[in-house]
Amino acid sequence: MNETQLEINLDPVSGNRFRQALESGRFVTLIETQVPAAEMDKEAGIRRLEMLENAIFSGPLENVSLAITDNPGRPDWKAVEYASGLPAANRDRHVVYLSGANLSKEAVLEQIQMAENANLYNIIPVSGDIPEKCRTLKECRKTVFTESVSTLNMLKTRSSDFFTGATVNPFQYTPYALLGSYYKLMKKFNSGAGFLVTQAGWDMLKLQSLAWYLTGRDMYYPKIARLTLLSPEKTESIISGNTLGIKMSKGMKKLLETELTYNRAQFDAVQYRRLELQVSGCRLLGFSGVQICGADNPSKMDFILKLIRSALNEFTSFDVWLEKYNAFMASTEMAPFEHNFHLFDRILHRPYPFDAPPETREIPPADPALPEKIGYGIRSFLFRHADRQRAANAGHLKTLLTGCRGCDTCYLPQKSYICPLTCPLGLVNGICGSVDLDGSCPVSKQECIHHRILRMAHWRKRLHEQENMITDGK
Ligand code: SF4
């Protein structure tokens, strides 16, 4: 048992050890665990949590926490409900996800109340995980989603004791999907988020790009990279495209297909080495910690923590790490298509050059097709004062041409006269993490509405205005 475990948390702010570790620059490790199935009874759930907590606290690393995630779309326990079974003295050390899928704002508020009652103050709201059953427009429309930006605002209003996290998908390869993800992150910071956790992925270039983007703006929020320890089953699921939101290049796919031909011991050894290189690389790229998914039982957790300790000891120099990482990856191209977009030059060649901060690359000019330009011209002529009109004034023509849903507050003129509420999930504040590689929506199978809004804004030379525009219209 290490020293910090003996401290008892009585005050939710000064005693929030997860927050203290992050804010004092200590490297944190989150071990991810999903809520159990609904059938598991409460006592068994509590015993499971105690077992997992013992495994991480008796391991070789300090500043280790559980990250308890929801399983939206399945009638499992809610993460907040489940985490309330954690031993009371250590709740400030752990992190709980709060998914808005299938939850109205009122239901989210109930979860927030429950978290507060249980002294669970480290919360990461998510909205964009599209549950299995919602992959068609029809099913999506039957489901209610509360967007993470709204949940962050509710948490901020509720109590300053909450220490909230923002999720971001940095593994984007079109300019609008990439900037859309960064812009949404800015909104989350403006809505009170105090740290970020990335979506899972392998492309270290994109992790460094995110770090550079924030450093270039003097934004030193703690950053946690979510990394996946692969099993053969998980690898097969990802390769066959069954894991939504995880992007994979042809090169990476080929590499994993080769690894799948190894025997189990060899396969595991390669995954462990990849994880070691990723963890140590994240620290050298300026990340404040990692969140590991795939370590789902106490003995594996213990093994992974030992692995992380050895990785952090092995690499303390960026150049040495880079050489080993490049040799391990054998020049595997991580971008999923040829004309992928990177925001900076010479990524993954050097640490952040503070003496000569990198310029962002120009985004290639957007040139919408003629019908799109004509459509924009008509909409801007007809609805240029939409943001000053009463919601009740929405007519059929406005609905037909803009997708207007008659919100109390209208942002059509700022959104190229395209209503963001036409997102099948009703996510008005920006692109979700599940957007496809080419910027299309996995539900509607058309261009993601936020991707389109940013593309049109770029054509109108107004892209910069989109960054901080919170559009909670309803
Ligand atoms: S329209 Fe965009 S933000 Fe909405 S669900 Fe589709 S991909 Fe996600």
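Tabulated data for the structure shown
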quantity: Helix-only mean residue ellipticity at 222 nm for the chain, each DSSP H run of n ≥ 4 adding -39500 (n - 2.57), per residue, nearest 500; calculated: -12000 deg cm²/dmol
quantity: Antiparallel bridges, percent of DSSP beta bridges restricted to the chain (to nearest 5); calculated: 5 percent
quantity: Surface share of carbon and sulfur [accessible, 1.4 angstrom probe, percent] for the stretch 370-466; calculated: 56 percent
quantity: Selected from LEU137, LEU284, ILE224, residue furthest toward positive end of dipole (the stretch 3-329; charges at beta carbon); calculated: LEU137
quantity: Selection from GLY165, ALA330, GLY85, by position along the positive dipole direction of the chain (Cβ); calculated: GLY165
quantity: ³J(HN,Hα) computed for each position of the stretch 403-410 - Karplus, 6.51 cos²θ - 1.76 cosθ + 1.60, integer Hz, glycine/proline x; calculated: x, 3, 10, x, 6, 5, 10, 10
quantity: Per residue value of the accessible surface for the chain (all protein chains in place, 1.4 Å probe), Å²; calculated: 43 Å²
quantity: Once the Cα gyration tensor of the chain is diagonalised, semi-axes √(5λ) in Å; calculated: 36, 28, 21
quantity: Sequence of HIS396, HIS464, HIS385, HIS342 from largest to smallest accessible area, 1.4 Å probe; calculated: HIS396, HIS464, HIS385, HIS342
quantity: Gain upon complete extension [GLU62, ALA38; 0.36 nm per residue less C-alpha separation]; calculated: 5.4 nm
quantity: Spin-label model distance (nm) - LEU137 vs LEU397, 7 Å beyond Cα toward Cβ; calculated: 2.4 nm
quantity: Förster radius 35 Å - calculated FRET efficiency between MET114 and SER440 (Cβ-Cβ, nearest 0.05); calculated: 0.40
quantity: Share of carbon and sulfur in the accessible heavy-atom surface of the stretch 3-329 [1.4 Å probe, %]; calculated: 50 percent
quantity: Entries of LYS142/LYS188; LYS187/LYS415; LYS234/LYS254; LYS206/LYS250 with Cα pairs more than 19 Å apart; calculated: LYS142/LYS188
quantity: Highest-first arrangement of 162-171, 138-147, 322-331, where packing means the average Cβ count within 10 Å; calculated: 162-171, 138-147, 322-331
quantity: Segment ARG460-LYS373, length gained on full extension (0.36 nm per residue, minus Cα span); calculated: 30.3 nm
quantity: Around PHE341: net Lys/Arg minus Asp/Glu count, Cβ-Cβ under 13 Å; calculated: -2
quantity: Relative contact order [Cα under 8 Å, 6+ residues apart], the chain, whole percent; calculated: 17 percent
quantity: Three semi-axes of the equivalent ellipsoid, the stretch 319-428, Cα gyration tensor, whole Å, largest first; calculated: 45, 16, 15
quantity: Extension gain from VAL320 to LYS156, taking 0.36 nm per residue of separation minus the Cα-Cα distance; calculated: 54.8 nm
quantity: Global form of the stretch 370-466, assessed from the alpha-carbon gyration tensor, a/c cut-off 1.5; calculated: prolate
quantity: Solvent-accessible surface (1.4 angstrom probe) belonging to TYR272, in square angstrom, nearest 10; calculated: 50 Å²
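The values are calculated or read from the model by the stated rules, or taken from the named source; none is laboratory data. As the structure is a prediction and not an experimental result, all values here were calculated from the model. Note that each Cβ is placed from the backbone with ideal geometry, even for glycine, and that neighbours are counted across all protein chains shown. When the accessible area is computed, the model is the full protein with side chains, heavy atoms only, and any ligands, DNA or RNA have been set aside. Shrake-Rupley method; radii C 1.70, N 1.55, O 1.52, S 1.80 Å.
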